[in-house]
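What follows is calculated from the coordinates using simple rules that are stated; it is not laboratory data. Remember, predicted model here, so these are calculated numbers, not experimental data. No Cβ is skipped: glycine too gets one built from the backbone with ideal geometry, and neighbour counts run over all protein chains shown.
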Amino acid sequence: MKRHLGLSAVAILLMCGSASAETVLAGVWSQTSSTAGDCPSCEIDITTLTPNIIALKGNNQWLGFAFYDKMGDVYRGALEWKAGEGEALANTVFEIELHYSGGTLSMAAQSVRGSINATYTRKENSPVEESSPVEENYPVGVPRH
């Protein structure tokens, strides 16, 4: 009988679903903490490219893209510093996971050189950009459909 009740509880929880991550809003986000060291001037600008893909641009010269992974309920993607920037981290691609909940954006970045975890909050009155193409980030010769 106890086993039947336990399985019933699990089935109810599965039917109700789990709490899902909130949609990451476009705009400017200020860093509130980082395992790479405090940086009160560090910001990221997030642009919505499609309903499931976002572009990220750090004011310390890195660029990234992420897509919403419904199975994992997170945004996954990659970031890299622009050529000639990033000093010790130049030419290093970081795989990233972003999770937004309760007004805080958490980013976990991993590479062969190590990992960085950071949190951000959206700046008040930050403009929301809707699906604007990031033309400057397309390599020369890549078709733009």
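About the Cα centre of the range 19-127, what is the dipole size in debye to 20, counting +1 per Lys and Arg Cβ and -1 per Asp and Glu Cβ, all else neutral? Let's see the in-between values first.
Values: 7 positive and 12 negative charges, 23 e Å.
It comes to approximately 100 debye.
Cut-off is 10 Å between beta-carbons; in what order do I116, I46 appear when sorted fewest neighbours first?
Numbers: I116 18, I46 25.
Sorted ascending by nearby Cβ count, the order is I116, I46.
I want the local charge near F67. Using Cβ-Cβ distances under 13 Å, sum +1 for each Lys or Arg and -1 for each Asp or Glu among the other residues. Show your work: numbers first, answer last.
Numbers: positive: K70, R76; negative: D69, D73, E95, E97.
Charge balance near F67 sits at -2.
Provide the net charge surrounding G58, with neighbours chosen by a C-beta distance below 11 Å and charges set as Lys +1, Arg +1, Asp -1, Glu -1.
Numbers: positive: K57, K82; negative: E43, D45, E80, E85.
Value of the local net charge: -2.
Which parts of the range 40-55 would a label at R76 reach, counting a residue when its backbone N lies under 18 Å from a point 7 Å out along Cα-to-Cβ?
So the set is 52-55.
Gain in length, R113 to S126, computed as 0.36 nm per residue apart minus the alpha-carbon separation, to one decimal in nm? Don't skip to the answer; put the middle values down first.
Details: separation 13, 0.36 × 13 = 4.68 nm, distance 3.30 nm.
Separation in residues times 0.36 nm, less the Cα-Cα distance, equals 1.4 nm.
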